[in-house]
1. When region 221-253 is examined, which residues are found to be of a type in the set (A, V, I, L, M) and open to solvent by 60 Å² or more (accessible area, probe 1.4 Å)?
2. Cβ-Cβ under 8 Å, sequence separation 6+ or interchain: first residue in region 112-136 and without any contact (Cβ under 8 Å) to a residue 24 or more places away in the chain, partner in a helix (DSSP H, G or I) and aromatic (F, W, Y). Which pairs?
3. Can you say whether I296 is open to solvent by 100 Å² or more (accessible area, probe 1.4 Å) and modelled with pLDDT under 90, as far as the supplied structure shows?
4. Going by the conditions given, is F61 among the hydrophobic types (A, V, I, L, M, F, W, C), open to solvent by 40 Å² or more (accessible area, probe 1.4 Å) and in contact with a Lys or Arg (Cβ under 6 Å, 6 or more places away or on another chain)?
5. For D128, are the conditions met, namely being acidic (D, E), at pLDDT 95 or above and farther than 17 Å from I53 by Cα?
6. Can you pull out the residues in region 293-341 that are aromatic (F, W, Y) and closer than 18 Å to Y153 by Cα?
7. Here is a list: D267, D257. Which entry is surrounded by fewer than 16 Cβ atoms within 10 Å (Cβ to Cβ), modelled with pLDDT under 95 and closer than 23 Å to V123 by Cβ?
Amino acid sequence: MKKITPKNLFVRQTTLSEIGEHGQQKLLHTNIVVVGCGGLGTIAATYLAGSGIGAIHLVDFDIVSISNLHRQIFYKIEDVGKPKAEVLASYLTKIAPFTRVSYSNKPVSKSTIFQLIKRGDIVLDCTDSLPIKYLINDACVLKNKPLVYGSLYKFDGYAATFNIKTENGFTANLRDAFPKISKEAIPSCSEIGTLNTVVGIIGLFQANEVLKLVTSVGKLLLNELLIYNSLESTQYKMKLKQNFSKEKIQQIFENEDYFDPRCEIQDSSLLISTSELKEKLSLVKDSKRLKIISVIEDVNTKLPFKTDQKIPFSKFNVNTIELTKNNDYVVVCNRGITSYTAVQQLKEKYPNITIVSLKEGIINY
């Protein structure tokens with residue numbers, strides 16, 4: 001086998017006069033941090049490793065599940081149950097001999113974010129968490145870090161490059177597009193669903209932004225948010241104006257907790273396991289008393305048991321739900337995340353009624 005060198009490995013890239021050996025050297029001396037090793041992160045990190053980025057640090061606390069495989073295509077069936085960051089790091093080292101790969105499989109939090117982004121010249125937000133997206137954005141603004149943003153909603157994808165230093169100061173950031181973290185119940189992709197191809201497209205947009213940023217080739221998505229619709233194959237650019245200064249974001253950072261329930265350790269007293277629920281449903285006495293509420297976004301989702309109420313999580317309002325002491329309640333969702341949040345809210349209103357969440361959701365039922 002011919003010896004692999006940067007010269008023969010990246011020849012197709014350096015042949016481009018706009019890139020050349022000089023641009024390739026810039027890539028080889030760039031460190032990036034990829035936060036989120038799901039659909040966006042696997043695509044972006046893999047293509048950037050293949051392009052010759054010098055160092056990639058992967059951040060993700062989650063493990064590979066069966067439902068990930070349709071869009072997180074670099075994971076295999078035998079990877080189910082393994083830490084995402086560790087598996088992806090192993091894959092990248094096999095395809096990118098000149099890229100230093102490291103990883104962290106701990107949750108991102110306000111107390112850890114600065115240490116995590118310290119490693120990178122550029123940070124990629126590939127997460128599926130609204131509070132964490134704002135946390136990454138605010139931390140990058142405070143530490144003057146370029147942020148390449150990506151997000152998804154059903155058939156739509158969003159991409160932008162935030163917080164780039166120019167002669168006139170820094171460019172727009174996430175808060176210039178969406179000033180506040182929504183307090184409404186916004187379902188994640190795991191709850192509302194997403195098309196696997198749009199995931200790949202946005203991940204590639206993010207990788208492309210990094211390559212342009214490092215090599216100074218082309219026009220970056222600055223002061224604008226790219227919105228891509230996969231059904232119509234249309235693109236729209238929403239113009240942004242820089243309104244949130246570092247000083248404003250510093251004040252926000254000091255007061256915001258950036259809480260994400262998916263990173264929370266769930267209280268076992270508010271949970272019911274699959275085996276426990278099956279047992280209760282099999283007993284006539286218990287099954288008559290038991291009422292099941294689904295907060296799955298798609299109300300047409302077929303469930304393996306009868307449900308008494310179907311409320312999309314995005315429309316869940318605890319003040320409009322009436323429960324009675326004569327019944328016990330189980331709230332279900334796809335992965336046991338939004339159902340747990342719903343149970344917490346219901347228990348505040350009805351502390352003396354038995355209300356539990358189906359642990360790990362119906363995908364594991």
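1. Of all residues in region 221-253, those of a type in the set (A, V, I, L, M) come to 221-222, 225-227, 231, 238, 240, 249, 252.
Once the filter is applied, which keeps residues that are of a type in the set (A, V, I, L, M) and open to solvent by 60 Å² or more (accessible area, probe 1.4 Å), region 221-253 yields only L231.
2. none
3. Criteria not met by I296.
4. Yes.
5. No: the conditions fail for D128.
6. Taking region 293-341 as the starting set, the residues that turn out to be aromatic (F, W, Y) are 305, 313, 316, 329, 340.
Correct list: F313 only.
7. Unique residue meeting the criteria: D257.
Condition check ((1) within 30 Å of V64 (Cβ to Cβ); (2) polar (S, T, N, Q); (3) touching a helix residue (DSSP H, G or I) at 6+ places or on another chain (Cβ under 7 Å); (4) part of a loop (DSSP other than H, G, I, E, B)) across all residues:
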{"site": "L277", "(1), (2), (3), (4)": "yes, no, no, no"}
{"site": "L281", "(1), (2), (3), (4)": "yes, no, yes, no"}
{"site": "I292", "(1), (2), (3), (4)": "yes, no, no, no"}
{"site": "T324", "(1), (2), (3), (4)": "no, yes, no, yes"}
{"site": "S339", "(1), (2), (3), (4)": "yes, yes, no, no"}
{"site": "I353", "(1), (2), (3), (4)": "no, no, no, yes"}
{"site": "V356", "(1), (2), (3), (4)": "yes, no, yes, no"}
{"site": "I363", "(1), (2), (3), (4)": "yes, no, yes, no"}
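The values are calculated or read from the model by the stated rules, or taken from the named source; none is laboratory data. Since we're looking at a predicted model, the values are computed, not measured. Cβ atoms come from the backbone with ideal geometry, glycine included; neighbour counts cover every protein chain shown. These accessible areas exclude ligands, DNA and RNA; they are computed on the full protein's heavy atoms, side chains included. Shrake-Rupley method; radii C 1.70, N 1.55, O 1.52, S 1.80 Å.
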